[in-house]
Amino acid sequence: MNTVADPASLQLPAIGAPFEGGFFAGLVDVDGDRFALVVAPKFDGEHDDIEWNDREARVVGAQSYCDGRANTLAMQAAGSVLAGWALDLRIGGFDDWYLPSQDELEICYRACKPTTDRNYLWVRSGINLSAVPPTRPYAADFPVQTPLEAFQPEGAEAFEPTWYWTSTQHAGYVDSAWSQEFGYGLQDYDRKGYQLRARAVRRVAI
């Protein structure tokens, strides 16, 4: 379940600062409700290459661009080992971790981009209607490399410059799900049987 915070007492830190069991990545709107998005620590909350699911049939309820938790629960019900891993995490005293949706993981890229690579400008990559405020497509030189040393290459919390799964199933190709590349910012989709990395998140109501 999501932690419900008292807006009068919750103080949001700077992007990348330790917060609520992980690191603050930014704000996300989930179906009209606003949340603080928290990226899990890499040691406990990142998975190396793994399938989204071992079956490529449609997963009912896993198509939200903003609600990664709902997607992850649907994935688990469909037998996804990856989803089960995320939902079983216990980090920093919290047990409500999940796989980020497409828009949630895009927020993580903007906050935590590890490299100095120019962004790959392809189709809608970077458009995020769930981010607060909403964002437009990437420019070649924006987002820039994160200033946070812990998330830069060789840092303890750094994303690898490669593909990470989101929990968002592709609407038109049910054998595929969306992914985010963390070296140069491309958003694309991959067959569910491919093996990509994953990083868990959680959210806090504000």
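Some points to look at:
- Qualifying residues in segment 100-137 (those that are in contact with a helix residue (DSSP H, G or I) (Cβ under 9 Å, 6 or more places away or on another chain), in a loop (DSSP other than H, G, I, E, B) and hydroxyl-bearing (Ser, Thr, Tyr)) - the one farthest from GLY68 (Cα to Cα): SER125
- For segment 162-206, filtered to residues that are surrounded by fewer than 23 Cβ atoms within 10 Å (Cβ to Cβ), in contact with a Phe, Trp or Tyr (Cβ under 8 Å, 6 or more places away or on another chain) and of a type in the set (Val, Ile, Thr), the residue that is modelled with the lowest pLDDT is ILE206.
- Within segment 114-136, considering residues that are of a type outside the set (Phe, Trp, Tyr), more than 15 Å from the chain's Cα centre (by Cα) and over 28 Å from GLY32 (Cα atoms), the one modelled with the lowest pLDDT: LEU121
- Candidates ALA171, ALA150 - the one that is of a type in the set (A, V, I, L, M, F, W, C) and within 22 Å of GLY21 (Cα to Cα): ALA150
- Flag for ALA111 being more than 15 Å from the chain's Cα centre (by Cα) and either surrounded by fewer than 23 Cβ atoms within 10 Å (Cβ to Cβ) or within 23 Å of ASP31 (Cβ to Cβ) (or both): no
- Those strands (runs of 3 or more DSSP E) lying entirely in segment 149-206 with at least 1 residues of a type in the set (Val, Ile, Thr): 163-169, 201-205
- Unique match (being among the hydroxyl-bearing types (Ser, Thr, Tyr), at pLDDT 95 or above and out of contact with any Gly (no Cβ under 9 Å at 6 or more places or on another chain)) among SER101, SER64, SER9: SER64
- Of all the listed residues (GLY26, GLY93, GLY32, GLY68), the sole one being in contact (Cβ under 8 Å) with a residue 60 or more places away in the chain, surrounded by fewer than 18 Cβ atoms within 10 Å (Cβ to Cβ) and among the small types (Gly, Ala, Ser) is GLY93.
- Residues located in segment 60-91, provided they are more than 19 Å from GLY26 (Cα to Cα), of a type in the set (Gly, Ala, Ser) and either more than 14 Å from the chain's Cα centre (by Cα) or outside any helix (DSSP H, G or I) (or both): GLY61, ALA62, ALA74, ALA77, ALA78, GLY79, SER80, GLY84
- Test: residue in segment 115-132 that is farther than 23 Å from PRO18 by Cα and among the acidic types (Asp, Glu): yes
- Flag if ASP48 is surrounded by fewer than 19 Cβ atoms within 10 Å (Cβ to Cβ), more than 20 Å from GLY185 (Cα to Cα) and among the charged types (D, E, K, R): no
- Residues that are over 17 Å from PHE43 (Cα atoms) and among the charged types (D, E, K, R) within segment 124-168 comprise ARG124, ARG136, ASP141, listed in sequence order.
- Pairs are defined by a Cβ separation below 6 Å, a sequence spacing of at least 6 or placement on different chains, a first member in segment 126-145 that is within 16 Å of GLN180 (Cβ to Cβ) and surrounded by fewer than 18 Cβ atoms within 10 Å (Cβ to Cβ), and a second member that is aliphatic (A, V, I, L, M) and modelled with pLDDT of 95 or more; the pairs so defined are PRO137/ILE127.
- In segment 9-59, of all residues being of a type in the set (Val, Ile, Thr) and not in a loop (DSSP other than H, G, I, E, B), the one that is nearest to TRP165 (Cα to Cα) corresponds to ILE50.
The values are calculated or read from the model by the stated rules, or taken from the named source; none is laboratory data. Fair warning: this is a prediction, and the values are worked out from it, not measured in the lab. Cβ coordinates were reconstructed from backbone atoms using ideal geometry, including for glycine residues, and neighbour counts include every protein chain displayed.
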